[in-house]
1. FRET efficiency for Lys312 and Glu138, Cβ-Cβ distance as r, R0 = 45 Å, nearest 0.05?
2. Straight-line reach from Lys267: which lysines fall under 18 Å, measuring Cα to Cα and dropping same-chain residues less than 8 apart?
3. May I have the extent of the alpha carbons of the stretch 244-349 along their three principal axes, as whole Å values ordered from largest to smallest?
4. Once you place label points 7 Å from the Cα toward the Cβ at Asn288 and Glu116, how far apart are they in nm?
5. Apply the Karplus parameterisation 6.51 cos²θ - 1.76 cosθ + 1.60, with θ equal to phi minus 60°, to every residue of the stretch 78-89 and state each ³J(HN,Hα) to the nearest whole Hz, in sequence, with x for glycine and proline.
6. Report the Cα centroid-to-centroid distance between the stretch 288-313 and the stretch 150-205 in angstrom, as an integer.
7. In square angstrom, what is the accessible area per residue of the chain with a 1.4 angstrom probe?
8. Can you give me the distance in nm between label points at Asp60 and Asp159, each placed 7 Å from the Cα along the Cα-to-Cβ direction?
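The values are calculated or read from the model by the stated rules, or taken from the named source; none is laboratory data. Since the structure is predicted, the reported quantities are computational estimates derived from the model, not experimental observations. Cβ placement follows ideal geometry from the backbone for every residue including glycine, while neighbour counts extend to all protein chains displayed. Remember, those area values only see protein heavy atoms, side chains included, never the ligands or the DNA or RNA. Shrake-Rupley method; radii C 1.70, N 1.55, O 1.52, S 1.80 Å.
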Amino acid sequence: MKYHCHIYRQTFRFKEPAGTSRGVYLEKKSYIVELTDDAGRRGLGECSPLPGLSCDALPDYEEILKDCCNLVCVTGRTDFDEMRPYPSMTFGLETAVRHLEAGSFRLFDTAFGRGEAGIPINGLVWMGRFDEMQRRLEEKLRQDFRCIKFKIGAIDFDDELRLLRHVRNRFTPEEVEIRVDANGAFTPEEALGKLEALHPFAIHSIEQPIRPTWRDDNAARPWDDMARICRESPVPVALDEELIGASRLQQKQELLDAVRPQYLVLKPSLHGGMQGVTEWVEEARKRNIGTWMTSALESNIGLNAVAHLAAKLYGDNITMPQGLGTGALFTENHPVPIELRGDRMWFVG
C-alpha cells in the first residue's frame, strides 16, 4: 500500500503553566502527519518531541520527518530499523497508518475501543507554589481520583512532604495511591535520604529520582548509581527518562539487567513508538518488572493512540492507573472521541 503524506505544525497552549523540575511548559509544539491513500482513506498521527528531553528533538527535525514520511509513503511500512533513533516520528507515523487502516480513531479492537471499559488514570499535580499545588490536589480529590501523582523537586522539599502528609492524614494507601515524579531532580548522593523521608507516606513509586545517566558522556559505568538506588531504596523506583535513547532490543535488555528497577513508565513518543514500547513491556515481563503507560504532552491525537495501545498491551481489565489525563491541559485540542469520567478515560467513538 502506498500513501500520500502532508505534514503541518501546530502549537498547543496550556491552560495553566505545567511545571516540572526541568522547567515550566507554557506551550507544546507538535507535527501532525496526515496520510491518505488512493481509495480516499485518511489517517492522522502526531509527532510530538519534547525539547531538551526527546532524543530526536533535533534542529533538522522537520527534514528528517519528511524523509521518514517518504519511506512510509513508498512502502506502507513503519517497521524500519533506520527509524528507531526517531521515536516521536515513529509513533506519529505508526498512529497515522493505524488510523487509516482502522477507518476510525478506534485503533485496536479492545474492550476500551468498543466503549465497554474505561482505563483508570492518575490525577496529576504539577509543580508550582505550595498553594497552587494544594489547590490542584484538592481538585483531584474532589474528582474522586484514587491515584494521585505529584511532580516534585522544584519547590522546598519540606513543603512537598507537607502535601503528602495532608493526603495520608485523610486517606489510607488503599483509598488513595500516591506516586511521585522527580524528573531527575535529586543528586545521586542525596537521593536515598530523600527516599527515606518519602517512605512513611506509603508511596507507590518514584519516577526517575536522579538525572538520567545516559546524558553523562563521562560516565564509565553509567548505570551504577541508578542500580544502587533501585537496590537500596525503601520506595519502589520507576524508570522514565533513563530509557530514552535505548532504541535497540539489546540495549533495552542490557539496561534492565543492569539496573533492575521495580517499574517502567513508558511513553511511545520517547521510548520507541508502538513497536518500541511493546518491546519494553515484553522484556519487563520477563524480569517481573511492572509497567504502565503515559502520554508525553501530546494533543488528543497522540493521547488517543497511547490509550488504545495501553488497552491492547494490558488487556481488557486494566487495574494499574495509566498517565492519560493530559488531554484537558490545552486551551484548544483536536475533536477526538475520548473523554474523562471521574478517574477513567473512555472511548466514545
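1. 0.85
2. Lys28, Lys29, Lys149, Lys151, Lys252, Lys312
3. On the principal axes, the stretch 244-349 reaches 42, 27, 19 Å in Cα extent.
4. The modelled label-to-label distance comes out at 3.2 nm.
5. With the stated coefficients, the stretch 78-89 comes to 10, 9, 9, 4, 5, 8, 4, x, 10, x, 5, 5 Hz.
6. After rounding, the separation between the Cα centres reads 24 Å.
7. 42 Å²
8. Inter-label distance under the simple model: 4.4 nm.
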